[in-house]
Amino acid sequence: MKKITIAIDGFSSCGKSTMAKALARNIGYLYFDSGAMYRAVALYCMQNGIINEEDIDTESLNDNIKHIHISFEADPETGNSMTFLNGVNVEHEIRTIEVSRFVSKIAALDFVRNEMVEQQREMGKSKGIVMDGRDIGTTVFPDAEMKVFVTASAEVRAQRRYDELAARGDNPDYNEILENVLQRDHLDQTREISPLKQADDAHLLDNSNMTRDEQMEWLIETYNKIASEC
Ligand code: DC
(Lines give C-alpha, C1' and ligand atoms only; values in the text may rest on other atoms or scores of the structure.)
Protein backbone atom coordinates (compact mmCIF):
# COMPACT_ATOMS: atom_id res chain seq x y z
CA MET A 1 0.00 0.00 0.00
CA LYS A 2 1.17 3.54 -0.76
CA LYS A 3 2.47 5.40 2.30
CA ILE A 4 0.28 8.26 3.42
CA THR A 5 0.41 11.12 5.95
CA ILE A 6 -1.77 10.83 9.05
CA ALA A 7 -2.62 13.97 11.03
CA ILE A 8 -4.20 13.61 14.47
CA ASP A 9 -5.43 16.81 16.10
CA GLY A 10 -7.74 17.50 18.96
CA PHE A 11 -8.44 18.77 22.43
CA SER A 12 -6.03 18.32 25.34
CA SER A 13 -6.28 15.17 27.48
CA CYS A 14 -8.04 13.18 24.75
CA GLY A 15 -5.34 10.54 24.62
CA LYS A 16 -4.10 11.76 21.22
CA SER A 17 -0.44 10.89 21.76
CA THR A 18 -1.19 7.43 23.10
CA MET A 19 -3.44 6.61 20.16
CA ALA A 20 -1.10 8.18 17.58
CA LYS A 21 1.86 6.20 18.93
CA ALA A 22 -0.11 2.95 19.00
CA LEU A 23 -1.44 3.51 15.47
CA ALA A 24 2.07 4.21 14.14
CA ARG A 25 3.41 1.04 15.79
CA ASN A 26 0.53 -1.03 14.38
CA ILE A 27 0.98 0.06 10.78
CA GLY A 28 4.79 0.46 10.79
CA TYR A 29 4.80 4.26 10.46
CA LEU A 30 7.02 6.82 12.21
CA TYR A 31 5.43 8.82 15.01
CA PHE A 32 6.07 12.53 15.60
CA ASP A 33 4.84 14.47 18.64
CA SER A 34 4.55 18.11 17.56
CA GLY A 35 3.71 19.26 21.11
CA ALA A 36 7.12 17.94 22.20
CA MET A 37 8.73 20.36 19.73
CA TYR A 38 7.06 23.40 21.33
CA ARG A 39 8.04 22.01 24.72
CA ALA A 40 11.68 21.71 23.56
CA VAL A 41 11.68 25.35 22.41
CA ALA A 42 10.34 26.36 25.86
CA LEU A 43 13.16 24.34 27.47
CA TYR A 44 15.74 26.04 25.22
CA CYS A 45 14.43 29.42 26.43
CA MET A 46 14.70 28.33 30.06
CA GLN A 47 18.23 27.00 29.58
CA ASN A 48 19.42 30.15 27.81
CA GLY A 49 17.88 32.86 30.00
CA ILE A 50 15.37 33.82 27.30
CA ILE A 51 12.44 33.28 29.64
CA ASN A 52 12.30 34.55 33.20
CA GLU A 53 9.20 34.02 35.31
CA GLU A 54 6.53 35.60 33.09
CA ASP A 55 8.68 37.46 30.53
CA ILE A 56 9.93 36.12 27.20
CA ASP A 57 12.77 37.96 25.47
CA THR A 58 11.13 37.57 22.06
CA GLU A 59 13.89 39.46 20.27
CA SER A 60 16.54 37.08 21.54
CA LEU A 61 14.36 34.05 20.77
CA ASN A 62 13.76 35.35 17.26
CA ASP A 63 17.54 35.79 16.79
CA ASN A 64 18.13 32.22 17.96
CA ILE A 65 15.19 30.38 16.43
CA LYS A 66 17.15 29.18 13.40
CA HIS A 67 19.64 27.53 15.80
CA ILE A 68 16.96 25.45 17.50
CA HIS A 69 16.74 22.08 15.88
CA ILE A 70 14.37 19.37 17.12
CA SER A 71 14.61 15.72 16.13
CA PHE A 72 13.18 12.39 17.27
CA GLU A 73 14.79 8.99 17.76
CA ALA A 74 13.38 5.69 18.96
CA ASP A 75 14.63 4.40 22.30
CA PRO A 76 16.53 1.23 21.33
CA GLU A 77 15.15 -0.65 24.36
CA THR A 78 11.50 0.40 24.48
CA GLY A 79 10.99 1.66 20.93
CA ASN A 80 9.42 4.82 22.40
CA SER A 81 10.03 8.10 20.63
CA MET A 82 12.55 10.42 22.34
CA THR A 83 12.87 14.15 21.70
CA PHE A 84 16.27 15.70 20.95
CA LEU A 85 17.06 19.42 21.22
CA ASN A 86 20.12 20.26 19.13
CA GLY A 87 21.28 16.65 19.44
CA VAL A 88 20.69 16.30 23.20
CA ASN A 89 18.01 13.95 24.55
CA VAL A 90 15.51 16.15 26.45
CA GLU A 91 12.57 13.74 26.55
CA HIS A 92 12.47 13.82 30.35
CA GLU A 93 13.04 17.57 30.87
CA ILE A 94 10.31 18.70 28.47
CA ARG A 95 7.62 16.96 30.56
CA THR A 96 8.22 18.98 33.75
CA ILE A 97 5.66 21.34 35.25
CA GLU A 98 7.95 24.34 34.57
CA VAL A 99 7.97 23.61 30.84
CA SER A 100 4.21 23.00 30.87
CA ARG A 101 3.75 26.42 32.48
CA PHE A 102 5.62 28.27 29.72
CA VAL A 103 4.90 26.26 26.62
CA SER A 104 1.54 27.76 25.61
CA LYS A 105 3.11 31.24 25.51
CA ILE A 106 5.96 29.94 23.35
CA ALA A 107 3.52 28.12 21.06
CA ALA A 108 1.59 31.35 20.52
CA LEU A 109 4.57 33.16 18.88
CA ASP A 110 4.27 33.33 15.10
CA PHE A 111 8.02 33.03 14.32
CA VAL A 112 8.28 29.96 16.58
CA ARG A 113 5.32 28.33 14.82
CA ASN A 114 6.75 29.15 11.39
CA GLU A 115 10.04 27.46 12.25
CA MET A 116 8.40 24.40 13.84
CA VAL A 117 6.02 23.98 10.91
CA GLU A 118 9.02 24.07 8.55
CA GLN A 119 10.80 21.36 10.59
CA GLN A 120 7.59 19.30 10.80
CA ARG A 121 7.11 19.42 7.02
CA GLU A 122 10.70 18.28 6.57
CA MET A 123 10.03 15.30 8.88
CA GLY A 124 6.96 14.35 6.87
CA LYS A 125 8.32 14.75 3.38
CA SER A 126 8.75 11.02 2.77
CA LYS A 127 5.24 10.24 4.12
CA GLY A 128 4.58 7.13 6.22
CA ILE A 129 4.16 9.25 9.35
CA VAL A 130 1.63 9.85 12.11
CA MET A 131 1.91 13.33 13.64
CA ASP A 132 -0.26 14.60 16.45
CA GLY A 133 -0.92 18.16 17.61
CA ARG A 134 -3.39 21.01 17.24
CA ASP A 135 -2.79 22.29 13.69
CA ILE A 136 -1.39 19.31 11.81
CA GLY A 137 -4.39 18.74 9.52
CA THR A 138 -5.15 22.43 9.09
CA THR A 139 -1.70 24.09 8.76
CA VAL A 140 1.21 21.65 8.72
CA PHE A 141 -0.15 19.01 6.34
CA PRO A 142 -3.36 20.41 4.81
CA ASP A 143 -3.02 17.72 2.11
CA ALA A 144 -2.69 14.80 4.55
CA GLU A 145 -4.64 11.82 3.21
CA MET A 146 -5.97 10.88 6.67
CA LYS A 147 -7.01 13.50 9.20
CA VAL A 148 -8.54 12.67 12.55
CA PHE A 149 -9.99 15.19 14.97
CA VAL A 150 -10.25 13.74 18.45
CA THR A 151 -12.62 14.90 21.11
CA ALA A 152 -14.32 13.72 24.29
CA SER A 153 -16.57 15.53 26.72
CA ALA A 154 -14.76 17.88 29.11
CA GLU A 155 -16.05 15.82 32.05
CA VAL A 156 -14.62 12.58 30.65
CA ARG A 157 -11.26 14.23 29.95
CA ALA A 158 -11.15 15.75 33.44
CA GLN A 159 -11.94 12.35 34.96
CA ARG A 160 -9.13 10.69 32.94
CA ARG A 161 -6.64 13.34 34.09
CA TYR A 162 -7.91 12.91 37.66
CA ASP A 163 -7.39 9.13 37.49
CA GLU A 164 -3.89 9.59 36.05
CA LEU A 165 -2.84 11.97 38.86
CA ALA A 166 -4.48 9.83 41.55
CA ALA A 167 -2.65 6.75 40.21
CA ARG A 168 0.60 8.68 40.57
CA GLY A 169 -0.16 9.21 44.25
CA ASP A 170 -1.27 12.87 43.96
CA ASN A 171 -4.36 14.18 45.68
CA PRO A 172 -6.21 15.86 42.78
CA ASP A 173 -9.29 18.06 42.92
CA TYR A 174 -11.75 17.08 40.17
CA ASN A 175 -13.43 20.50 39.92
CA GLU A 176 -10.08 22.26 39.60
CA ILE A 177 -9.06 19.88 36.80
CA LEU A 178 -12.36 20.36 34.98
CA GLU A 179 -11.92 24.13 35.20
CA ASN A 180 -8.38 23.79 33.77
CA VAL A 181 -9.59 21.57 30.90
CA LEU A 182 -12.29 24.11 29.97
CA GLN A 183 -9.82 26.98 30.18
CA ARG A 184 -7.29 25.23 27.93
CA ASP A 185 -10.03 24.38 25.41
CA HIS A 186 -10.91 28.05 25.28
CA LEU A 187 -7.27 29.16 24.86
CA ASP A 188 -6.59 26.54 22.17
CA GLN A 189 -9.68 27.47 20.19
CA THR A 190 -9.38 31.25 20.41
CA ARG A 191 -5.61 31.58 19.82
CA GLU A 192 -4.93 34.03 17.00
CA ILE A 193 -2.41 31.87 15.13
CA SER A 194 -3.37 28.34 14.10
CA PRO A 195 -6.25 27.93 16.56
CA LEU A 196 -7.48 24.42 17.24
CA LYS A 197 -10.27 23.59 14.84
CA GLN A 198 -11.48 20.56 12.97
CA ALA A 199 -10.32 20.53 9.35
CA ASP A 200 -13.27 20.29 6.93
CA ASP A 201 -12.04 16.93 5.68
CA ALA A 202 -11.12 15.46 9.09
CA HIS A 203 -12.83 12.37 10.51
CA LEU A 204 -14.32 13.15 13.92
CA LEU A 205 -13.47 10.67 16.66
CA ASP A 206 -15.40 11.20 19.90
CA ASN A 207 -13.86 8.70 22.27
CA SER A 208 -15.94 9.63 25.36
CA ASN A 209 -17.51 6.17 25.45
CA MET A 210 -14.91 4.08 23.64
CA THR A 211 -12.38 1.62 25.00
CA ARG A 212 -8.79 1.78 23.72
CA ASP A 213 -9.39 -1.38 21.68
CA GLU A 214 -12.53 0.03 20.05
CA GLN A 215 -10.64 3.21 19.26
CA MET A 216 -7.75 1.31 17.66
CA GLU A 217 -10.19 -0.77 15.63
CA TRP A 218 -11.79 2.46 14.35
CA LEU A 219 -8.39 3.96 13.47
CA ILE A 220 -7.13 0.87 11.64
CA GLU A 221 -10.40 0.52 9.71
CA THR A 222 -10.27 4.19 8.71
CA TYR A 223 -6.59 3.88 7.72
CA ASN A 224 -7.16 0.70 5.66
CA LYS A 225 -10.04 2.28 3.81
CA ILE A 226 -8.17 5.52 3.01
CA ALA A 227 -4.80 3.91 2.18
CA SER A 228 -6.37 1.33 -0.12
CA GLU A 229 -8.09 4.09 -2.10
CA CYS A 230 -4.90 6.18 -2.50
O1 DC B 1 0.26 18.32 23.38
P2 DC B 1 1.17 19.01 24.39
O3 DC B 1 0.51 19.30 25.72
O4 DC B 1 2.49 18.34 24.57
O5 DC B 1 1.46 20.43 23.72
C6 DC B 1 2.30 21.36 24.33
C7 DC B 1 1.86 22.77 23.96
O8 DC B 1 2.08 23.03 22.57
C9 DC B 1 0.40 23.11 24.22
O10 DC B 1 0.38 24.43 24.76
C11 DC B 1 -0.26 23.09 22.87
C12 DC B 1 0.87 23.48 21.95
N13 DC B 1 0.82 22.85 20.63
C14 DC B 1 0.52 23.65 19.56
O15 DC B 1 0.24 24.83 19.74
N16 DC B 1 0.53 23.12 18.31
C17 DC B 1 0.82 21.83 18.11
N18 DC B 1 0.82 21.34 16.88
C19 DC B 1 1.12 20.99 19.21
C20 DC B 1 1.10 21.54 20.47
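The values are calculated or read from the model by the stated rules, or taken from the named source; none is laboratory data. All figures in this text were calculated on a predicted structure; none of them were measured in a lab. A quick note on method: Cβ atoms are made from the backbone with ideal geometry, for glycine too, and the neighbour counts reach across all protein chains shown.
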Requested in this report: Check whether at least one residue in segment 203-225 is of a type in the set (Gly, Ala, Ser), closer than 18 Å to THR18 by Cβ and away from the ligand (no atom under 15 Å from the Cβ), and report yes or no.
Outcome: yes
Requested in this report: Kindly provide the set of residues from segment 129-147 that are more than 11 Å from the ligand (Cβ to nearest atom) and not in a loop (DSSP other than H, G, I, E, B), ordered by number.
Outcome: ILE129, VAL130, MET146, LYS147
Report summary line: Checked ARG191, ARG160 against criteria (more than 30 Å from ILE4 (Cα to Cα) and within 16 Å of the ligand (Cβ to nearest atom)); the one match is ARG160
Report task. Within segment 161-176, work out how many residues are modelled with pLDDT of 90 or more and within 22 Å of SER104 (Cβ to Cβ). Result -> 4
Requested in this report: Any chance you could count how many residues in segment 1-11 are within 16 Å of the ligand (Cβ to nearest atom) and in a loop (DSSP other than H, G, I, E, B)?
Outcome: 1
Query raised in the report: Restricting attention to segment 191-211, does a residue exist that is within 17 Å of the chain's Cα centre (by Cα), within 26 Å of ILE97 (Cβ to Cβ), assigned to a helix (DSSP H, G or I) and of a type outside the set (Asp, Glu)?
Result: no
Query raised in the report: So GLU176 fits all but one of (1) out of contact with any helix residue (DSSP H, G or I) (no Cβ under 7 Å at 6 or more places or on another chain); (2) touching a residue at least 40 places away in the same chain (Cβ under 8 Å); (3) of a type in the set (Asp, Glu); (4) more than 15 Å from the ligand (Cβ to nearest atom); what number is the exception?
Result: (2)
